[in-house]
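The values are calculated or read from the model by the stated rules, or taken from the named source; none is laboratory data. If you're wondering where the values come from, they're calculated on a predicted model, not measured in any experiment. Quick reminder, even Gly has a Cβ in these numbers, built from the backbone with ideal geometry, and neighbours come from all protein chains shown.
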There are 2 protein chains.
Amino acid sequence: MKFCSRCGSEHMVWRMPEGDTRPRHVCDSCGEIFYQNPNIVAGSIPVWGEQVLLCKRAIEPRFGYWTLPAGFMENGETTAEAAARETLEEACAQVVIGELFAVFNLPQINQVYMMFLAALPALEFGPGSESLECRLCREDEIPWSELAFPTITHTLKFFFEDRRDGRFRLHFGDIVREGGEAVLLERRVQVPLTGA
Amino acid sequence: MKFCSRCGSEHMVWRMPEGDTRPRHVCDSCGEIFYQNPNIVAGSIPVWGEQVLLCKRAIEPRFGYWTLPAGFMENGETTAEAAARETLEEACAQVVIGELFAVFNLPQINQVYMMFLAALPALEFGPGSESLECRLCREDEIPWSELAFPTITHTLKFFFEDRRDGRFRLHFGDIVREGGEAVLLERRVQVPLTGA
């Protein structure tokens, strides 16, 4: 931030406001404090029988790589509405959003992914403006080496594993970069709640 | 937004950028687009035997009302880390964060609550700077009419219900204002995933 969006002053500083615990963008002229917080990326796993619907990205980052429909949640909507909207925008598909299936924290890029199971009620889909191509894939047709993001790879792996097990459960974890590689730290803590 | 934080111009407009689907704050001088997205509120249900730890708020909104420790997630942390930090800040308690227990969308105020089960490993807690008082409550001691937010009321109700049932499951829903009242729309959709 170079200028204060409240008073227009150029005297922006990066410092800890009184009573706060971390530095913020602060205007030295009018005193306004500007907070920056993580964003939610909401998406769906559109299912048609044995297949799921993937999109080939027509935008950066990861142009040309495959993804599940997902994108930034907007003000005024719910996470499920965001997942449905992104699926419509990227794959021109009207899905029925089901259960929350995967939540991934990406602390290094300030994002939280929330991926939902979804049903494709009809075989109607096609590339939206952010996609080059959309395709239904069985498990053995997933282009694993050409997936856009680790969040997508893990979501698809968990989906096909759970389907084989005959039940879907919530998957929760952190994806962090360690030595150039994205590592999933799954969170399956069960705290003892009967003690004391 | 009155001034552009990139170039300092006063020519800020509220309009739909090309290729976008909704209006944004746009600088008419330098072209910068400013996005505003929902925030995550992360919190915990600190459990000690039959009791949970509540905090009496020392800040607005809802000064003097009771809450579970919760607050805005910060950049660079995970949702579980945010829940642990808020518990330390508001109740001076070091908790062990467990499973994700409740997710509530609040589309009218652009927030998503994520509440975690947590274990209090020791009877060490006390009011942080944002709390007047902290107290362990059994179910029959919860000040139901003096709780700060609907998200807290629903989280506590679900917690004690699940505990009676002997199992904790994820609760997911939207809390919307209808005629001045906060209404919870629980999401328990199970999409048929074996069709086609």
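Residues in the range B:137-155 include none that are in a loop (DSSP other than H, G, I, E, B) and either among the polar types (S, T, N, Q) or without any contact (Cβ under 8 Å) to a residue 60 or more places away in the chain (or both). When the residues of the range B:172-191 are filtered to those that are among the hydrophobic types (A, V, I, L, M, F, W, C) and more than 20 Å from the chain's Cα centre (by Cα), the one that is nearest to the other protein chains (Cβ to nearest Cβ) is B:VAL191. Does B:GLU99 meet the test of being of a type in the set (Asp, Glu), within 19 Å of the chain's Cα centre (by Cα) and within 13 Å of B:ALA42 (Cβ to Cβ)? It is false that B:GLU99 is of a type in the set (Asp, Glu), within 19 Å of the chain's Cα centre (by Cα) and within 13 Å of B:ALA42 (Cβ to Cβ). Taking A:PRO69 as the residue in question, decide whether it is crowded, with 17+ Cβ neighbours inside 10 Å, under 21 Å from A:LEU184 (Cα atoms), modelled with pLDDT of 95 or more and at the interface with another protein chain (Cβ under 8 Å from one of its Cβ atoms). Answer is no for this residue. Pairs meeting the criteria (first residue in the range A:165-189 and closer than 17 Å to A:ILE45 by Cβ, second residue among the hydrophobic types (A, V, I, L, M, F, W, C) and assigned to a loop (DSSP other than H, G, I, E, B), beta carbons under 6 Å, at least 6 apart or on different chains) are A:LEU170/B:LEU170. The residues in the range B:85-102 that are over 19 Å from B:ARG163 (Cβ atoms) and surrounded by fewer than 24 Cβ atoms within 10 Å (Cβ to Cβ) can be counted, and the count is 5. Candidates A:ARG135, A:ARG163, A:ARG187, A:ARG177: the one that is closer than 28 Å to A:CYS92 by Cα, surrounded by 12 or more Cβ atoms within 10 Å (Cβ to Cβ) and at pLDDT below 95 is A:ARG163.
Criterion first (more than 10 Å from chain B (Cβ to nearest Cβ), buried (at least 23 other Cβ atoms within 10 Å of the Cβ) and within 13 Å of the chain's Cα centre (by Cα)) does A:LEU54 satisfy it?
no
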